[in-house]
Structures are given as C-alpha cells and as structure tokens.
Ligand SMILES: *[C@@H]1O[C@H](CO)[C@@H](O)[C@H](O)[C@H]1NC(C)=O
C-alpha cells in the first residue's frame, strides 16, 4: 500500500506540474499590464493639439483598412460605424473580406491552410483567422464592423505592429495594425493549425483556437523573445486611447447591436474572456481536488494503514496544508495509531 501511495503522489505531482506548465502562459497573462509596450499617451495627442508629434514619423503600416462580413450586404445598424471610418480615410484602400473573398484568398495564397479553414466548426473562426492572414500579407489596420472611427487612424501607422488591451487584462482581436510580413502576425498564422482544436465547449473552442485567448497566448510567448528588438516589437494601444478619452480613436457602437439573447451573452463572454478562463481553471482544479479526496476516502476504507498515512500524503501534495493548525497533530496521531496497529 505504501508503495502504491508513493506512486499516486508522484503521479499527482507530475500531473500538477504538467497542468501548471501548460497554463503558465495563461497565468502570466493575468499579471500582464502591457506597460512595457504601451503606446504612450504623449505619442497620441488630441487631433488638433499644438503638439504635432508624428508629422515626421516614419510610416510602417500601409493605408489599408480591412473589415469582414459574410457578404456585401452590411446590416443597417453597422453602416453608420462603417461609414464613419470610410469618411475619415478617403485616401486609404478599403477591403471588405466576405466569406467568398476570404476563401478564395486562402485557397490562392495559403493552400496549406484551406482544409483547416474550411473545417472550422463556427463561422466566427473563419472571420478571426482571415484577419490575421490579410494583416500578415498586405499589412494595414483591421477593424470589427462595430468599431466606429472618431478620428483618422494615421498616427497608428507609425508602429510596425500594434494590438489593443482590454480591461481588466488581456488583448483583443477587434482592432489590430501591422506592417506586411511582420514576424508577430507570421507567427500567428503559423500557429493557427496547431491551436485548431475542438474543446467541446463552443466558447472555449472559438476563444482558444482563433479568438482573443489564442492571440494573447501567442503574443505573450512572442513578447518574451522580441522585447528588446524594435523591429519585432508589438506595441499596445491602451483603453484610454482606444475608446475612453474624448479624442480616442474608436466610438462604441456595440450597445445597439448586441442587445438580444445569445449575441449579448457571447459579447459579454468576449469582453470577459480572461475571467471566464480563470473560472474554468478554478473549476478544473476543484474537480481534481475532489477526485483526490475521493481517493483518500476509498483507500481509507480499504485499509487502516492507509488511513494512518493519508494525512502525510495530503501534506506532501498540498504543502500549504501543513500550515493549518490541526494537521501536524493528525500526522503524529496517525503515526501512533500505526505503531499500535503494528503491535
Ligand atoms: C447576404 O446575406 C444575407 C443574410 O444571409 C442575405 O439576406 C442577403 O441577401 C445576402 N446578400 C447578398 C448580396 O447575397
């Protein structure tokens, strides 16, 4: 029995180590405040302010605005935000990626990806994937249709790549900019196949295969390598400049469009994806703990010896338990009982 228990503990530690290792990037994401790569507010002053920074800055991102919709018929409610962006960027190229155009593009430029692309179980996953591919290929700025523009995006062209931070933590994929062939977006498209998995829960499948969670994990891993290299660096547009300040870049049109049933829930989940992820992890760890407790109860019923040793086992798997007042007494008491059993 003692040997079995030891094996069980070792197995536990290995499983635990694998879980922590697997989730490490996610855990570090929780504590990522983006401050190292944030675009400084002073670099993005109000449009008509005296400070004319940026006028002589280099332009890395081409003047292309990318958006996606299933076909050319954009619903009434999104024509207002769409038009607000078109009006402010008359000298930009505009590309609307419909389902048909997206598939043609992948088939022609990235045939190795077509099978994955076609087999995504939810249309939103194709809408997620295509934006990474077009940014990697043409460069430009991608915007969700419900992000209306409040000022020209030209100041954002002087970074090689940027993503936007969400509150309280993490990044999103609804507004992104990149120079063509930027190493970050190349890495993103190279990882899509690997991350394409069915996680049974649709929300998790979408978020972790193509959505913001996938993008955040790739970004976090990428950052560790690229942090000092200015050509590789991905800058972060902070919430103030995204939509909080009066002269922020984007206006919020989301209120009107997401107000019914499912869409509302999915939108909420999209905004709080990190919270949801943490809850899921918490649930998984709780289940694991329950499984362990169940094992203890079963093994305790089977043999009195096992009962004697189980508190020790608990202490080694859950080190923090040692701190609780009763447990050491329990360990000692159980040793005594074990001695008595032997006698
Ligand atoms: C676009 O899709 C919508 C919804 O499926 C449909 O009602 C509309 O007729 C389509 N428009 C075109 C031009 O195919």
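Inspect the range 5-25 for any residue being modelled with pLDDT under 85, away from the ligand (no atom under 16 Å from the Cβ), crowded, with 16+ Cβ neighbours inside 10 Å and part of a loop (DSSP other than H, G, I, E, B) and give the result as yes or no.
So far as the range 5-25 goes, no, none of its residues is modelled with pLDDT under 85, away from the ligand (no atom under 16 Å from the Cβ), crowded, with 16+ Cβ neighbours inside 10 Å and part of a loop (DSSP other than H, G, I, E, B).
What's the number of the condition residue 77 fails, among (1) closer than 23 Å to residue 250 by Cβ; (2) more than 20 Å from the chain's Cα centre (by Cα); (3) surrounded by 19 or more Cβ atoms within 10 Å (Cβ to Cβ)?
The failed condition is (3).
Looking at the range 213-242, which of the residues that are modelled with pLDDT under 90 and touching a strand residue (DSSP E or B) at 6+ places or on another chain (Cβ under 7 Å) is surrounded by the most Cβ atoms within 10 Å (Cβ to Cβ)?
242
Would you confirm, using the coordinates I've provided, whether residue 65 is in a helix (DSSP H, G or I), away from the ligand (no atom under 16 Å from the Cβ) and on the phi < 0 side of the Ramachandran plot?
For residue 65, the condition - in a helix (DSSP H, G or I), away from the ligand (no atom under 16 Å from the Cβ) and on the phi < 0 side of the Ramachandran plot - is not met.
Identify, please: which residue in the range 85-102 is part of a strand (DSSP E or B) and without any contact (Cβ under 8 Å) to a residue 40 or more places away in the chain and is, among those, surrounded by the most Cβ atoms within 10 Å (Cβ to Cβ)?
My answer is 97.
Quick check on this structure: which one of 41, 123 is under 26 Å from the mean Cα position of the chain (by Cα), within 16 Å of the ligand (Cβ to nearest atom) and loosely packed, with under 13 Cβ neighbours inside 10 Å?
When all the criteria are applied, what remains is 123.
Which of the residues belonging to the range 112-129 are more than 21 Å from residue 96 (Cα to Cα) and part of a helix (DSSP H, G or I)?
If the condition is that a residue be more than 21 Å from residue 96 (Cα to Cα) and part of a helix (DSSP H, G or I), then 112, 115, 116, 119 are the ones that fit.
Only one of 147, 128 is crowded, with 22+ Cβ neighbours inside 10 Å and over 20 Å from residue 208 (Cβ atoms); which?
147
Could you check how many residues of the range 68-83 are more than 16 Å from the ligand (Cβ to nearest atom) and in contact (Cβ under 8 Å) with a residue 60 or more places away in the chain?
The number of residues fulfilling the criteria is 2.
Looking at (1) within 16 Å of the ligand (Cβ to nearest atom); (2) at pLDDT 95 or above; (3) out of contact with any helix residue (DSSP H, G or I) (no Cβ under 7 Å at 6 or more places or on another chain), can you tell me which one residue 86 breaks?
Result: residue 86 passes all but (1).
Any residue that is buried (at least 18 other Cβ atoms within 10 Å of the Cβ), assigned by TED's automatic domain parsing to the domain that holds residue 181 and within 16 Å of the ligand (Cβ to nearest atom) - is there at least one of those in the range 104-118?
No; the residues of the range 104-118 include none that is buried (at least 18 other Cβ atoms within 10 Å of the Cβ), assigned by TED's automatic domain parsing to the domain that holds residue 181 and within 16 Å of the ligand (Cβ to nearest atom).
The values are calculated or read from the model by the stated rules, or taken from the named source; none is laboratory data. Please read these numbers as outputs of a predicted model, since none were measured by experiment. With ideal geometry, Cβ positions are generated from the backbone for all residues, glycine too; neighbour counts draw on all protein chains shown.
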